[in-house]
Each structure stands twice: as structure tokens, then as C-alpha cells.
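Notes follow the structure.
A short reminder: the numbers here are calculations on the coordinates, not readings from a lab. On a predicted model such as this, the values are computed, not experimentally measured, just so you know. Note: ideal-geometry Cβ built from the backbone for every residue, glycine included; neighbour counts use all protein chains shown.
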Amino acid sequence: MATRILFVCLGNICRSPTAEGVVRAVAARHYPRLALDVDSAGTANYHVGEPPDRRTVAAARRRGYDLSAHRARQVAVRDFAEFDHLLAMDAANLAELRRLAPARTRARLGMFLEFASATGGDEVPDPYYGSSEDFDRVLELCEAGAHGLLQEIAANHQ
Ligand code: 4NP
């Protein structure tokens with residue numbers, strides 16, 4: 001059965017769509033036999049229905065990822081039943097997931113960058129009020145996280 005992963009940030013227009021798109025692309029290229037369902041959502045509803053931030057789309061395009069088809073959605077209670085892992089971009093997102101989680105959820109909640117060694121921290125910092133360098137940094141961190149996460153999942157599936 002496919003491993004189901006939901007990436008979670010605040011608005012679902014910058015960080016978690018990037019994580020989703022990068023993980024999907026890295027998996028297709030390096031782990032073509034790994035069965036994965038990947039999605040993303042935001043803890044807030046500010047941007048529901050919107051495409052990713054244009055700065056996010058541009059940073060992704062510079063590194064060869066196309067995020068243009070994504071539309072933002074908010075985390076829903078059923079996500080805790082439908083995904084095996086809900087992976088937060090920062091500590092505030094993780095705290096909100098813990099608050100929303102049903103008492104007997106089997107989904108595993110954690111930080112995306114727990115899987116990426118040597119990134120110098122466990123958060124993907126919110127770039128929304130930042131510069132284009134901050135958006136490039138989101139891409140770099142998501143690439144590191146994607147490789148670490150997929151290695152771990154592949155190792156557990158052998
Ligand atoms: P994200 O970035 O959580 O990575 O999608 C943000 C998007 C929107 C806002 C903050 C962060 N906002 O305040 O609208």
C-alpha cells in the first residue's frame with residue numbers, strides 16, 4: 001500500500017506546496033518503485049483555492065519544479081485518518097496539528113526536516129515576508145528534506 005504523506009505549513013501557498021512538489025519529483029526520479037501519495041495543506045484558511053505564491057512558483061521553476069497546478073486547501077480532521085504522516089514545516093504548524101488531531105489518531109505527526117540531516121535546524125522558515133533568497137532557501141531545505149525522507153521510507157519498505 002502506498003505511504004501517504006501530507007505536508008503542512010500555514011498558508012499552503014509557499015512551503016508545503018514546495019515540499020509536496022519536490023518530494024513528488026525526487027521520488028519519481030530516484031525511487032520510481034516507491035508507492036507514495038503526497039499532498040499538502042495549510043493550518044490557516046487565508047489562501048484556500050489560490051495557486052502558490054508567485055515567488056514560490058518562480059523559485060521552484062529556477063530549480064526545475066512546476067508547482068503551478070497546486071491550489072491551496074486547509075487541513076481537515078479527515079486528514080488524520082487519510083494520511084500516515086503529517087509533516088509540519090515549523091514548530092507552530094506542528095503545535096496546531098497536535099491541537100487538531102483526534103484523540104486516537106494513528107497518523108504520525110512530526111517535522112519534515114527531522115529527516116534531513118545537516119540542514120542546521122528543523123524548521124523551514126516562513127518566507128512570506130522575506131526576500132527571493134528566502135524562497136530559494138525553502139527550495140534547498142525541501143530538497144534536503146525530500147532526500148532524507150525518501151531514504152527513510154525506502155529503507156522501511158525493504
Ligand atoms: P506558507 O507561507 O505557510 O509557507 O504557505 C505563508 C503564506 C501566507 C501567509 C503566511 C505564510 N500569510 O500570512 O498570509
Given a 10 angstrom Cα cut-off, can you work out which residue in Ser16, Ser68, Ser117 is the most mobile in a GNM of the chain? Ser117
With 10 angstrom as the radius, rank Met1, Met111, Met89 by how many other C-beta atoms surround their C-beta, starting from the fewest. Met1, Met111, Met89
Using the membrane-span-like helix rule (whole DSSP H runs, Cα extent along the own axis of at least 20 Å, mean Kyte-Doolittle hydropathy at least 0.0), which helices of the chain qualify? none
Efficiency of FRET from Cβ geometry, Val48 and Ala91, R₀ 30 Å, rounded to 0.05: 0.85
Across Ala69, Ala88, Ala144, the residue with the highest GNM fluctuation in the chain (Cα network, 10 Å cutoff) is Ala69
Between beta-carbons, use under 11 Å as the cut-off and find the net charge around Ser68, counting Lys and Arg +1, Asp and Glu -1. +2
Neighbour counts of other C-beta atoms within 10 Å: give me Tyr128, Tyr65 arranged from fewest to most. Tyr128, Tyr65
If the convex hull is drawn through the Cα atoms of the chain, its volume per residue in Å³: 107
Quick one: net charge of His147's neighbours, Cβ under 13 Å, K/R +1, D/E -1? -2
If neighbour count is taken as other Cβ atoms inside 10 Å, put Leu149, Leu94, Leu36 in order from fewest to most. Leu36, Leu94, Leu149
Stretch Tyr128-Arg99 to full length: gain in nm at 0.36 nm per residue minus the Cα-Cα span? 8.1 nm
